[in-house]
Every structure is written in C-alpha cells, then in structure tokens.
Number of protein chains: 2
Amino acid sequence: MKKTLYIFQNGELRRKDNSLYFESEERKRYIPIEDTNDIYIFGEVDVTKRFLEFVSQKEVCLHYFNHYGYYVGSFYPREHQNSGHVVLKQAEHYLDPGKRLQLARTFVKGSIGQMAQVLKYYKNRIRTGSEKLTELIEIFGDTSIPLFEAGTIEQLMAVEGHTREKYYSSFDYILDNPDFPFEKRSQRPPLNRLNALISFGNSICYTVALSEIYKTYLDPRIGYLHATNFRRFSLNLDVAEIFKPIMVDRLIFSLINKKMLTKKDFDKHTDGIMLSEAGRRTFVSELDKRLQTTVNHRHLGKSVSYRRMIRLELYKIQKHLLGEKEYSPYQSLW
Amino acid sequence: MKKTLYIFQNGELRRKDNSLYFESEERKRYIPIEDTNDIYIFGEVDVTKRFLEFVSQKEVCLHYFNHYGYYVGSFYPREHQNSGHVVLKQAEHYLDPGKRLQLARTFVKGSIGQMAQVLKYYKNRIRTGSEKLTELIEIFGDTSIPLFEAGTIEQLMAVEGHTREKYYSSFDYILDNPDFPFEKRSQRPPLNRLNALISFGNSICYTVALSEIYKTYLDPRIGYLHATNFRRFSLNLDVAEIFKPIMVDRLIFSLINKKMLTKKDFDKHTDGIMLSEAGRRTFVSELDKRLQTTVNHRHLGKSVSYRRMIRLELYKIQKHLLGEKEYSPYQSLW
C-alpha cells in the first residue's frame, strides 16, 4: 500500500529525474513517488512549479500545516477521475431537500453510533464513571427518534451538537488525568491540552478524508451535513464525522494513557495551547500507524486498513448517489 | 471587485510585509493582496510556504497551468470562496429539463448565427455559388421557429445537424479547390483532407474552451447541449459550437486559399487521412495568432482577443446560471 509522507524539517521539495527529492540543511533524500499516497507538510518547505506538475501527474495531494500545526490548505491536483455523471447526482442529492436530509441524517447517525462504540469500549476499562458511560450509551442508542424527527439540517446539527457535548463530558472519566481535563470544547485557539489534541487530530482526519475523496469520482465541494456555506470543502467533513471517534479520540486516549504524550508536549501561546513540534510528530506517526492498522471488515470478510475503510465508505456514498444501494454508515464492532 | 492575477513570467512568489511580492529576472513587483481574488500561474513560479500561509489567511486560491497551458491543479486554502455554489447551479440547470433546453437552444442559436456570419463574409468574395450562399443565409435566419419548437435535446440536435449539413455543403463554393473537396463529413477517421482539417481544428477548439473554463468557476463536466456523461468534458463542447465557425472554419479557408496548407501537408494512413506533423505545426501556429488577434467587442467598446472572447462568453454563462442575466450568445459582426 502507498505511504503518507510527513515532512517536519525545513527545506525544499523538488522533482529530480523520476523521484521526489527533499533537500534540507541536514540531509538530502530521494523519495520514490510511486510509493507515495499523499504528503503532509509541517516544516517551512518551498516547492517548485515543476514539483507540483510532477505530483499532479502522479495524482498525489499535498496538505499544508503552519508552524502551530493549524491546517493551512491543500494542493489538489486536477481531477483524473472525470465523471460529470457523479457530480450531477451529488448535486441532485443536495438540491432536493429530502434527499439531502436523508444523507445528512445518515452521517449524524453514523457519527453517534461511533461515539457510542468508543464509550462501550471504555465502559469496563475505567475506574470511575462506568455507570455514567452506560447511561450515555443508552441515550445515544435512543437518538433514532430525534434524528428521524429532525426536519431540517439545522435541527440535525443540533441533535449532533447535543450528543457530542454529552460525549465529550465522558472524556474526564475515560482519561482521569489531571493534566488533561476536558473543561469545555474550545477551538481557534484551543484553551487546554485536550482540546489542542482534538483540534489537531480532527484537522488531520479531514485531510485524510480529502485525500481519499480525490481517489473517487466524488467532488469534495458538495457535502450534505456540512454544506451550509461555500467557504470550504465539505464532503470530507461529513465523512470524517464517522471516523473521528475511532481514528482521533481513541488515539488521543491511548497516547495519554500510555504517556506517549505528556504536558511537556504542549506549548503555551499568548492566546491558547498547541501541541509542540515533538508532540505533533508523535501524534502524526501514531495516527499513521493506526491508519495502516488492518481490522476485520465484517461485510467484506477480510482485513482492511482504516484508510481503506474511509475509501470504502466513499464508495458506499457513491453507490447511494447513483441509486444502486442505500447508504448505511460504517459501524465498528470493537 | 477583486481581481484575478495572471502570472506568465518565471520567478518567485513571496510574502513581503502585508503584500504579495513577485520577483522575476525582469522585475520586482508588489501586489496588494486585498484586491486579489485568485492567482493563475502559467510561468515557472516557485512559492514559499510562508506565501501559501499568507494566501490561505486571505482566502486566495492558486491555480497552476503547465508549459502548454494545461491545467495542473489548485492550491485551495482551508477556507476559500468555493465554486461549489456555481457547480450546484450548473447541475440545477442541467437537471431541470426546461432550463437545460433553454441553454442548449441558446448554444445552437449562437452556432447557427456564427455559421450564417461566415457565409455572409464569403458571399461576395467567391466566384460561383453566391446565390447558393444567399439562399442558405436566409434559411439560417429562419431557424428561430424550428429552434423554438424543438421540445427535446434530440430535436435541437437534429435542427443543428441539418443546418450544419447545409453549411458544410457551401464549403465547395467557398474553397473551389479540387485538392480540398468537402464530399461529406467523415470523422474518426476523416476520409479526405478537408475533413482532416475540420476534425483537427475542432479538437483544438475544444481544448482552448476547456482551458478557458478552468479560469472560471464553471465545471467543464456539466454541459447542456452535449449530454453530461462519464466519459468526457461537455461544457467546452457546448461553448466551442459558437466559436468553431469563426475560429476554425475561417482559418481553414484562409490557410487553403493562401496555400499555407497544400496536399503535401497530409499523410495517408491505412484507414484515413491526417494532417502531417508539419501541417499540424502550421495550423496550430496560425490558430494561435488568430486567438491572440484582437477584435472590437461591441458591448465592451474595446478590443479583445478571441481567446478572451471565449472567456467572456463563459462569464456570461456563469451570470445566466447565477440568475444575474439571461445568456445571449456572442454574435460576430464581420
């Protein structure tokens, strides 16, 4: 399987012959492009136009993060999968309020299902709060009625928002670590360490989904739950809802519990708290391992990686749009 | 209104203080970012990461084109003015049969108008057949009724097809050259020299329209007269209908009449006739001159190049889709 390349050093990315070539003060390095799925740039890296033409030809996306680890933007090569038919169907499902609501509801349902799954996993593994988690799992299981009754995207978003708030309130039981209290969700900037981790993890999750969308016929501009404005890609945000609990939140718990990330890995800035560069390196490298981890896929009856699972989810959405099979979100069993 | 910046020189784009800064061998230039909507890069331009962070913060998209003018890919900031809105409107006009028919009819009307214009130009410049061309011009002028009555895309295509057949039958009068008889329209492969020229010219015209579409918010996959399908771009085919008569056909007549292309410029293959490499070079170089030729634009009251005229046509289509102004096709007066 192709790999993700993470660049934390400063330097320049170029094309040399038929390879990627990265030159920094410390080292020069050839990277075979055929093995590269996408590139995450955290360091101060300059790129030549010839390099961009090369990655475009090889259908490799670039994702940029700034000095503080904030997502900056992506280089999205010209679409190689050219299907006006799918984009029309995507638009049709957006323009028809009933069809849009059905898809948006499915994303929220999938997201809540995955949040419940995370709670189920930790319910018997924590010291205190087990009954609290059990209670939440029951509430989450009962969301089908409010979800069904939500008649607008705004009402759906509200159901999702309330559920997520309850879900986050369980983090203090799961972590039980005075260095990582949840307090409340704070973004731009995050105001404590746990929020810094959630924000950073989610932003990576969005770009992973974007890279996978690029490999399908789908257009990232047209989302269903997150298409309330036209200021950013949105289909990747929809799909990420389903994978954030298992991909990001469980990774955060595991990194903190195993003390792979401690308070030393955070920097205090004037207006918030961010992961340090070392912390980002650890997080990204562990997330990458997780993305490559294969899990048994009950419908396929074989092991697939998490990254592949995101792609499979996109194929299911495509089938739904084409009227081949109604979309039902991925639900992990562990 | 914010402007689009086009960069054709080679150099480097950087951030300097709160401005964009472009440095090439020939000149250094500050560009106020607040006035910039998006940047189209044609030259060999390198960018620093700091520059990308800056455009991201200002929500400016970058679009890259290679040495041959082909679209390579785009840098999309995290938040950007997203063309998702336009693609939805494009889809809406495709999915609504009445709206689609109206646009498709406008393309056919524009195309027939331009064919008539070519005949008007040659009517008094040819030795024989002037009365035949006059007759055709009258018939073409009368197409508004069958166009209006066509209630399906297929019926529109039939009106267009019959008109085009009559139009092609005039080529023998216009050229009056035994080396370039029209005979009948043959494609894939063309069976004579004139058909080889028409096919080659049209294919270039489609790519010119495609590269101009990439400079707008329009999605080339969704056309109206040419059905959207899985296999090709179609909006460029629609727009090219309007420009083929003046851009391609008149160029063919001129190249043959001036003997810039003769029968030596064609190769016979087992199953058809094709322009030779030398012939293709001549054709493309002359077409390029024609594209750069400026003509007076009656609405703008200034001279614009043919290439620019195609872009203006696309902006008009965009305005139509956004409900700002009903689209009326370009009609040359000479």
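Laid out as a table, the results:
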| quantity | calculated |
| --- | --- |
| Relative contact order, percent, chain B [alpha-carbon distance under 8 Å, six or more residues apart] | 15 |
| Other protein chain Cβ atoms within 10 Å, averaged over every residue that makes up B:84-95 | 6 |
| Long-range tail of P(r) for region B:243-334 (Cα pairs > 19 Å, %) | 53 |
| Peptides B:206-214, B:4-12, A:231-239 ordered by average Cβ neighbours within 10 Å, highest first | A:231-239, B:206-214, B:4-12 |
| Rg/Rg_globular for the protein assembly as shown, with Rg_globular taken as 2.2 N^0.38 Å and Rg from C-alpha atoms | 1.11 |
| Distance histogram for chain A (every C-alpha pair counted, 20 angstrom bins, percent rounded to whole numbers) | 29, 59, 12, 0 |
| Convex hull per residue volume in Å³, alpha carbons only, for region B:43-157 | 176 |
| For B:Ile31, residues with placed amide H under 5 Å, excluding near neighbours | B:Leu20, B:Tyr21, B:Phe22 |
| Cα-based reach from A:Lys264 at 24 Å (exclusive), listing lysines while leaving out same-chain residues under 8 positions away | A:Lys184, A:Lys289 |
| Residues A:Gln187 and B:Glu23, FRET efficiency given R0 of 30 Å [Cβ-Cβ distance, rounded to 0.05] | 0.20 |
| Within 10 Å of each Cβ in A:48-56, the average number of Cβ atoms from other chains | 6 |
| 16 Å tail of the calculated P(r), region B:23-65, as % of Cα pairs | 41 |
| Amide H partners (placed H, <5 Å) of A:Gln9, local residues excluded | A:Gly43 |
| Spatially proximal lysines relative to A:Lys58 (Cα-Cα < 20 Å; intrachain offsets below 8 disregarded) | A:Lys2, A:Lys3, A:Lys16, A:Lys49, A:Lys215 |
| Cα→Cβ-extended label distance, 7 Å offset, between B:Lys259 and A:Asp267, nm | 7.5 |
| J(HN,Hα) series, region B:58-66, from Karplus relation 6.51 cos²θ - 1.76 cosθ + 1.60, nearest Hz, glycine and proline x | 8, 6, 9, 8, 10, 10, 9, 10, 8 |
| Residue mean of other protein chain beta carbons inside 10 Å, A:25-35 | 0 |
| Structure-based [θ]222 nm, chain A - -39500 (n - 2.57) summed over DSSP H runs of at least 4, per residue, nearest 500 | -15000 deg cm²/dmol |
| Relative packing of A:185-192, A:286-293, which averages over residues the other C-beta atoms within 10 Å, highest first | A:286-293, A:185-192 |
| For B:His226, residues with placed amide H under 5 Å, excluding near neighbours | B:Asp238 |
| Virtual paramagnetic centre 7 Å along Cα→Cβ of B:Thr207, amide N under 16 Å, in region B:265-280 | B:275-280 |
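FYI, it's all coordinate maths here, none of it is from the lab. What you are looking at is a predicted structure, and each value in this text was computed from that prediction instead of being measured. Note: ideal-geometry Cβ built from the backbone for every residue, glycine included; neighbour counts use all protein chains shown.
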